[in-house]
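Just so you know, all these numbers are worked out from the coordinates, no wet-lab data involved. Since the model is a prediction, treat every value here as computed from it, not as a measurement.
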Amino acid sequence: TTLFRSNLMKINMDLCRLILIELEKSQKTEIPDLVINGYEKDEIVYNCTLLEREELITHINVHYSEGEIYFYYVGSLTLQGKEFLRRISDDKLWEKIKKKVLEITAIVTIEIIKNVVFNKLTCDNNIF
């Protein structure tokens with residue numbers, strides 16, 4: 001887990017969803033060292049940073065020691081984050097959304113996922 005490694009990381013759509021689900025479950029304003037089984041803390045921190053940039057979570061504060069993540073705090077869901085999670089919480093619909101995003105582009109961003117979720121679902125309430 002180094003600062004350099006985070007530059008090589010990519011968005012993980014499933015991890016982002018799991019992060020949002022965990023934050024909703026906790027109902028706290030901040031979670032120290034959020035753990036998602038099967039994922040390293042640098043993956044969690046990287047994807048939380050992406051969620052923060054897209055204003056789906058309130059914040060992430062990361063503290064480093066000797067180039068390694070020492071500890072971190074993940075904030076709560078924003079109103080937009082809550083609505084986004086509500087729309088992707090169904091497992092079958094989530095699989096369809098991921099498939100649709102990958103049909104649109106090979107470069108996945110949270111912004112693209114949000115566009116698929118909010119624009120498509122708002123227009124016709126059915127993505128397919």
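Which of the following values of Rg and Dmax of the Cα atoms in Å was calculated from the structure shown: (i) 14.7, 45; (ii) 14.8, 51; (iii) 16.1, 51?
After the calculation, the listed value that fits is (ii).
Any of K10/K114; K10/K99; K25/K92; K82/K114; K41/K92; K41/K96 with alpha carbons more than 23 Å apart? Name them for me.
Details: K10/K114 17 Å; K10/K99 17 Å; K25/K92 20 Å; K82/K114 12 Å; K41/K92 27 Å; K41/K96 28 Å.
Listed pairs above 23 Å: K41/K92; K41/K96.
So if each residue of separation counts as 0.36 nm, and I subtract the Cα-Cα distance between W94 and E66, what length gain in nm does that give?
Here the answer is 6.2 nm.
Please label the shape of region 57-110 as rounded, prolate or oblate, based on the square roots a ≥ b ≥ c of the eigenvalues of the alpha-carbon gyration tensor (a/c under 1.5 means rounded; beyond that, a/b larger than b/c means prolate, else oblate).
It comes out oblate by the Cα gyration axes.
So what's the gap between the Cα centers of region 20-40 and region 57-120, to the nearest angstrom?
If you average the Cα positions of each part, the centres end up 13 Å apart.
Relative contact order of the chain, please, whole-number percent, based on alpha carbon pairs below 8 angstrom and at least 6 residues apart.
25 percent
In deg cm²/dmol and to the nearest 500, what is the mean residue ellipticity at 222 nm of the chain if only DSSP H runs of at least 4 residues count, each as -39500 (n - 2.57), divided by the residue total? Let's see the in-between values first.
Values: 7 runs with 65 residues, N = 128.
Rounded to the nearest 500, the figure is -14500 deg cm²/dmol.
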